[in-house]
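For reference, the structure is listed below as structure tokens.
Rule-based calculations on the coordinates, nothing more; no lab input. Given the structure is predicted, the values throughout are model-derived calculations rather than measurements. Cβ sites come from the backbone with ideal geometry, for glycine too, and all protein chains shown count toward neighbours.
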Amino acid sequence: MIRVLLADDETMIRAGVRAILSADPGIDVVAEAGDGREAVDLALAHHPDVALLDIRMPRMDGLTAADELRRAAPATAVAILTTFGEDDYIARALSGGASGFLLKSGDPHELIAGVRAVAAGAAFLSPKVAHRVITELSGGRMAAGAAARRRTAGLTPRERQVLALLGAGLSNAEIADRLHVVEGTVKAYVSAILTRLDVRNRVQAAVLAHEAGLVGDPAP
């Protein structure tokens with residue numbers, strides 16, 4: 001049974017989404033929230049498998065709630081359900097830890113498929129959103145990725161591993177714990193990486209790690 005938290009400030013929208021999800025015997029809506037703050041609180045109380053969040057809500061919007069849930073309740077997968085499909089919303093949702101982006105104008109079967117995919121640990125984008133992402137990737141970002149891979153190709157396997165973990169947002173202490181080395185060793189690696197990549201700080205290095213496709217695959 002997939003346990004779902006549903007958050008939307010419009011009662012009728014919540015009722016409609018609940019009805020669609022309840023048609024699947026494998027999905028149970030365990031809690032409903034009218035704003036992002038309440039969604040985070042209910043997620044911590046009910047431990048749902050999936051939090052389905054609207055973007056524009058009072059007190060705390062869905063994107064901020066998604067980012068907070070990523071830190072406070074990492075076991076809860078987040079999917080954004082909204083009428084807004086602008087690129088900025090998509091980018092912010094995915095960078096904030098959301099695993100899915102669904103449009104309210106989509107087919108009801110798409111909603112159920114998205115919840116099931118996200119609950120299983122996969123990513124899910126509505127067809128319209130997927131088309132927009134693919135279009136973007138086939139343009140400037142793909143070129144940026146190729147350039148980033150060339151820049152990181154000269155790093156040693158261990159430096160690439162450290163860069164991948166840095167790109168994933170880990171601190172020096174967390175990287176040291178992950179790699180079973182002392183923190184001073186990690187600091188030395190980070191300093192060398194910044195110099196070799198000719199970047200000013202960890203943020204620029206993290207962006208480069210993402211562009212090079214290293215994040216999520218820190219193996220040497």
Q: Taking only Cα atoms and a 10 Å spring cutoff, compute GNM fluctuations for the chain and point out the largest among ILE55, ILE20, ILE80.
A: ILE20
Q: For PHE124, list long-range residues whose amide hydrogen, built 1.01 Å from N in the peptide plane, is under 5 Å from its own amide hydrogen.
A: GLY100, PHE101
Q.
To make sure I understand, if each residue's beta carbon is the centre and we count other beta carbons within 10 Å, what order do GLU211, GLU174 fall in, fewest to most?
A. GLU174, GLU211
**Q.** Listed residues ARG70, ARG151, ARG92, most fluctuating in the chain (Gaussian network, C-alpha, under 10 Å)
**A.** ARG151
Q. Among LYS104, LYS187, what is the fewest-to-most ranking by other Cβ atoms within 10 Å?
A. LYS187, LYS104
Q. What are the ³J(HN,Hα) values, in whole Hz, obtained from phi via the Karplus relation 6.51 cos²θ - 1.76 cosθ + 1.60 with θ = phi - 60°, for each residue of region 192-209 in sequence order, with x given for Gly and Pro?
A. 5, 5, 4, 5, 5, 8, 6, 10, 7, 8, 5, 4, 5, 5, 5, 4, 5, 4
(Q) Could you tell me which residue out of GLY167, GLY184, THR195 lies farthest along the dipole of region 149-211 toward its positive end? Charges go on the beta carbon: Lys and Arg +1, Asp and Glu -1, centred on the Cα centre. (A) THR195
Q. Which residue, VAL118, VAL78, VAL203, tops the fluctuation ranking in a GNM of the chain built on C-alpha contacts under 10 Å?
A. VAL203
Q.
Compute the helix-to-body angle for 108-119: its Cα long axis versus the longest principal axis of the chain, expressed 0 to 90° and rounded to tens.
A. 40 degrees
**Q.** Residue-count net charge about ARG158 - beta-carbon cut-off 13 Å; Lys, Arg +1, Asp, Glu -1
**A.** +2
Q. Once phi is turned into θ = phi - 60°, what whole-Hz ³J(HN,Hα) does the Karplus curve with 6.51, -1.76 and 1.60 give for every residue of region 44-60, x standing for Gly and Pro?
A. 5, 7, 9, 6, x, 6, 9, 10, 9, 10, 6, 7, 8, 9, x, 6, 8
Q) So how do THR64, THR195 line up by other beta-carbon neighbours within 10 Å, fewest first? A) THR195, THR64
Q.
Are there any GluC sites (Glu not before Pro) in region 1-98 that are in a DSSP loop and have at most 15 other Cβ atoms within 10 Å? List them by number.
A. GLU10, GLU86
Q. Where the only charges are on Cβ atoms (+1 Lys, Arg; -1 Asp, Glu), what is the dipole of the chain about its Cα centre, to the nearest 20 debye?
A. 1000 debye
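Where does the chain land at 222 nm, in deg cm²/dmol rounded to the nearest 500, when only DSSP H runs of n ≥ 4 count, each adding -39500 (n - 2.57), divided by all residues?
Estimated from H runs of four or more residues: -16500 deg cm²/dmol.
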